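The block underneath contains the structure these notes are about, expressed in structure tokens.
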Amino acid sequence: MSCPQQQEECKEGAPEWVVTFGDMMTLLLCFFVLLLSFSTMETERFKIIAGYIREAFGVQLDRHYTEIPSGDTVVTVEFNPPSTSNTVIYEQMVDLLKSLKLEQMANAEMESDGVRLRLDGELVFKPASADLTDQSKLFLDYVAETIIDANASARIEGHTDSAPIHSSLYPSNWELSGARASAVVRYLESRGVPGSYLEAVAFGDTRPVTENYTEEGRRKNRRVEVLIQPPT
């Protein structure tokens, strides 16, 4: 009677954590390869692959991608459209006013949502009319270039003093302020600013910056304000 063969003992394999660690390293490698490929990736392809990454890592957030996100390292500059900050626009406008010697008739102020240009009515319009002066057209040419370069929007506000106006063309200060704001909008649009980026607002004499009791005060209240708002 033959002796039964002794069963060979199996050698102990790798620890269980090694398998999990290997899977994680593989996923990380794939992730960084995808990041590197973003530098030459179209938007539609990015949307699809971003969905794959989200599913692979178990992310449950529902996000809709409309453009490739910007970054400082892997993503190339083509995916980061240039934007101009409020500070840059403000400095450009201040320099422009100085170069044109218009500091006495206009000023620029930086606000939380943009840069506000306050232009005296005498600079922009002929008396009691909505006809732009030649000097204002020169200034607005530069403003239009700034708006276009910054891909910004602009809100143009028309203001008047409290002196009543009665004419067949402008029955009240509402019509006059609205016509003046619209005249600036039309001119900026003629210089290449998209109409969808522009807005005209009439305030009449409802928002004075000073009293209307003096000629100097009324002069300051007769104004046009341009609020340039860079994209957020």
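The values are calculated or read from the model by the stated rules, or taken from the named source; none is laboratory data. Predicted model, so just to flag it, every value in this text is computed and none were measured. Using ideal geometry, Cβ is built from the backbone for each residue, glycine included, and neighbour counts are taken over all protein chains shown.
Any residue in the stretch 175-183 that is touching a residue at least 60 places away in the same chain (Cβ under 8 Å), among the small types (Gly, Ala, Ser) and touching a Gly at 6+ places or on another chain (Cβ under 9 Å)? The answer is no, given that none of the residues of the stretch 175-183 is touching a residue at least 60 places away in the same chain (Cβ under 8 Å), among the small types (Gly, Ala, Ser) and touching a Gly at 6+ places or on another chain (Cβ under 9 Å). Meeting the requirement of 2 or more residues that are out of contact with any Lys or Arg (no Cβ under 7 Å at 6 or more places or on another chain) and either of a type in the set (Ser, Thr, Tyr) or over 20 Å from Leu102 (Cα atoms) (or both), the helices (runs of 4 or more DSSP H) wholly within the stretch 113-208 are 134-149, 173-190. Scanning the stretch 202-232 for residues that are within 28 Å of the chain's Cα centre (by Cα) and either surrounded by fewer than 16 Cβ atoms within 10 Å (Cβ to Cβ) or without any contact (Cβ under 8 Å) to a residue 24 or more places away in the chain (or both) yields a count of 4. Only one entry of Tyr187, Tyr170 meets the criterion of being surrounded by 16 or more Cβ atoms within 10 Å (Cβ to Cβ) and more than 19 Å from Leu123 (Cβ to Cβ), and that entry is Tyr170. Looking across the stretch 93-111, the residues that are assigned to a strand (DSSP E or B) and in contact (Cβ under 8 Å) with a residue 24 or more places away in the chain come down to Ala106, Met110, Glu111. At negative phi and at pLDDT 90 or above, is that true of Arg63? So Arg63 does not fit the description; no. Considered as a group, the residues in the stretch 78-119 that are surrounded by fewer than 18 Cβ atoms within 10 Å (Cβ to Cβ) and of a type in the set (Gly, Ala, Ser) include one that is modelled with the highest pLDDT, and that residue is Ser99.
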